[in-house]
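The values are calculated or read from the model by the stated rules, or taken from the named source; none is laboratory data. These figures come from a predicted structure and were not determined experimentally. Note that we place each Cβ from the backbone using ideal geometry, even for glycine, and neighbour counts take in every protein chain shown. Note: areas computed on protein heavy atoms with side chains; ligands, DNA, RNA excluded. Shrake-Rupley method; radii C 1.70, N 1.55, O 1.52, S 1.80 Å.
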Amino acid sequence: SYFSQSKDWMANGGFDQGWKDNNVDPYSESQHQNYTTMTIKVINEMINRYHPYMLWYDTPDAPDQYANRILASQLVDYPQVIVNWRLKSNYSTGDFATGENSYFEGDRNVWKYAENCYTINGSWGYWAAKDNVESTYSVARMIGRSFLESKCRNQNVLINISPKASDEIPSVTKALFDGISDYMQKYGTFNDTFSTNINSFPSWGRLLISGNTLKAYVLDTSSTIRIDGVLTNFIKSVRVYDAADEYSSSNYSIISEYSLQVTNIPTNSNHTPAVVDIAFANGIVAEDYSNILLTTNLTTT
């Protein structure tokens with residue numbers, strides 16, 4: 001559930017109402033406390049009514065003493081509900097970090113989990129000039145720069161769309177998601193994919209693991225790619241997809257025990273990433289990459 005805890009434009013004691021820009025607080029301490037009490041009641045009602053597993057806080061404008069009170073109340077009554085890091089103004093509290101219209105680039109030792117949020121029209125609400133004319137993101141950009149960049153870092157992806165007042169989805173938005181759906185149906189969804197390691201970001205694209213398969217997504221127009229750091233004697237098949245179906249498995253060659261080269265990779269007319277699936281006879285374990293990928297040597301050119 002999304003909750004914008006400081007964004008009440010009218011309530012006495014609210015925080016994100018513009019007055020902070022002037023550094024003149026029109027409200028008393030008791031008004032702020034009353035607003036905080038009201039906020040806690042709304043959160044409790046929302047959790048009791050809809051039973052969310054997560055609260056996605058936003059607008060972290062409340063001073064720490066009020067934000068701390070909100071979080072402390074929730075942790076006492078609903079410790080099972082996870083929260084993002086946008087409750088406090090310094091983004092220091094929560095179960096996971098967020099990246100907005102980009103992937104999270106912070107310290108993963110501090111924030112193990114992250115979810116990146118993207119909006120397709122440049123606004124987080126309905127925008128007629130964009131929603132009815134063009135999307136900020138094409139299918140290719142959404143796939144390449146939203147899904148892939150997030151998944152290669154083991155981060156979740158949240159996509160915002162903006163329905164009209166009639167609840168209709170704008171036709172341009174529908175066309176965008178139809179294109180994304182077509183791509184996922186052909187190449188598999190991103191739900192069951194994991195990153196390989198810190199070396200999974202080659203200049204030509206990105207690498208993901210799906211079961212026993214190493215998936216190479218070619219973001220540029222390279223017709224030939226080389227992947228080093230894989231134990232090639234475990235390779236079962238290599239599939240290079242074209243626009244219709246897939247090329248034969250003869251489009252790759254073993255360079256060495258740890259390196260292979262894939263050729264004749266097509267460029268998609270809609271500029272979406274080309275896909276090469278490298279299936280292995282043995283499993284790939286995402287956490288330690290056992291017996292297939294060499295964690296210290298997986299490099300790509």
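The condition of being among the polar types (S, T, N, Q), in contact with a helix residue (DSSP H, G or I) (Cβ under 7 Å, 6 or more places away or on another chain) and at pLDDT below 85 holds for only one of Thr189, Thr173, Thr193, that being Thr193. Considering only residues in region 99-139 that are at pLDDT below 85 and among the acidic types (Asp, Glu), the one that is farthest from Pro170 (Cα to Cα) turns out to be Glu134. Criterion applied to Ser237, Ser166 was being closer than 30 Å to Ser123 by Cβ, open to solvent by 20 Å² or more (accessible area, probe 1.4 Å) and modelled with pLDDT of 85 or more, and the one residue passing it is Ser166.
Applying the criterion of being touching a strand residue (DSSP E or B) at 6+ places or on another chain (Cβ under 6 Å) and among the small types (Gly, Ala, Ser) to the residues of region 127-157, the residue that is surrounded by the most Cβ atoms within 10 Å (Cβ to Cβ) is Ser150.
Taken over region 110-126, the criterion of being open to solvent by less than 80 Å² (accessible area, probe 1.4 Å) and either of a type in the set (A, V, I, L, M, F, W, C) or not in a loop (DSSP other than H, G, I, E, B) (or both) is satisfied by Trp111, Ala114, Glu115, Asn116, Cys117, Tyr118, Thr119, Ile120.
Only residues that are open to solvent by 20 Å² or more (accessible area, probe 1.4 Å), among the small types (Gly, Ala, Ser) and touching a residue at least 24 places away in the same chain (Cβ under 8 Å) were counted across region 50-101, and they come to 3. Cβ-Cβ contacts under 7 Å between residues 6 or more apart (or on different chains), taken from a first residue in region 25-44 that is touching a residue at least 40 places away in the same chain (Cβ under 8 Å) to a second residue that is not in a helix (DSSP H, G or I), are listed as Ile43/Phe3. Quick one: would you say Pro26 is in contact with a Ser or Thr (Cβ under 8 Å, 6 or more places away or on another chain) and not in a helix (DSSP H, G or I)? No; evaluated as a whole, the condition is false for this residue.
Determine, yes or no, whether Asp107 is assigned to a loop (DSSP other than H, G, I, E, B), in contact with a helix residue (DSSP H, G or I) (Cβ under 7 Å, 6 or more places away or on another chain) and of a type in the set (Asp, Glu). Spelling it out, it is not the case that Asp107 is assigned to a loop (DSSP other than H, G, I, E, B), in contact with a helix residue (DSSP H, G or I) (Cβ under 7 Å, 6 or more places away or on another chain) and of a type in the set (Asp, Glu).
Residue count for region 185-200 satisfying the condition of being surrounded by 14 or more Cβ atoms within 10 Å (Cβ to Cβ) and either polar (S, T, N, Q) or out of contact with any strand residue (DSSP E or B) (no Cβ under 8 Å at 6 or more places or on another chain) (or both): 6. What are the residues in region 214-232 that are surrounded by fewer than 20 Cβ atoms within 10 Å (Cβ to Cβ) and at pLDDT 85 or above, if any? Within region 214-232, Asp220, Thr221, Ser222, Ser223, Thr224, Arg226, Thr232 qualify. Just for region 250-265: of the residues that are closer than 29 Å to Asp182 by Cβ and open to solvent by 70 Å² or more (accessible area, probe 1.4 Å), which one is modelled with the lowest pLDDT? Per the stated criteria, the residue is Ser250. Residue check: Thr59 meets all listed conditions (1) outside any helix (DSSP H, G or I); (2) among the hydroxyl-bearing types (Ser, Thr, Tyr); (3) in contact with a helix residue (DSSP H, G or I) (Cβ under 7 Å, 6 or more places away or on another chain) but one, namely (3). Of the residues making up region 15-24, at least one is farther than 22 Å from Glu115 by Cβ, free of Cβ contacts under 8 Å to residues at least 24 places away in the same chain and either small (Gly, Ala, Ser) or surrounded by 15 or more Cβ atoms within 10 Å (Cβ to Cβ) (or both).
Of all residues in region 136-162, exactly one satisfies the criterion of being among the aliphatic types (A, V, I, L, M) and within 13 Å of Leu208 (Cα to Cα), namely Leu148. Can you confirm whether Asp8 is out of contact with any strand residue (DSSP E or B) (no Cβ under 7 Å at 6 or more places or on another chain) and over 26 Å from Asn160 (Cα atoms)? No: the conditions fail for Asp8.
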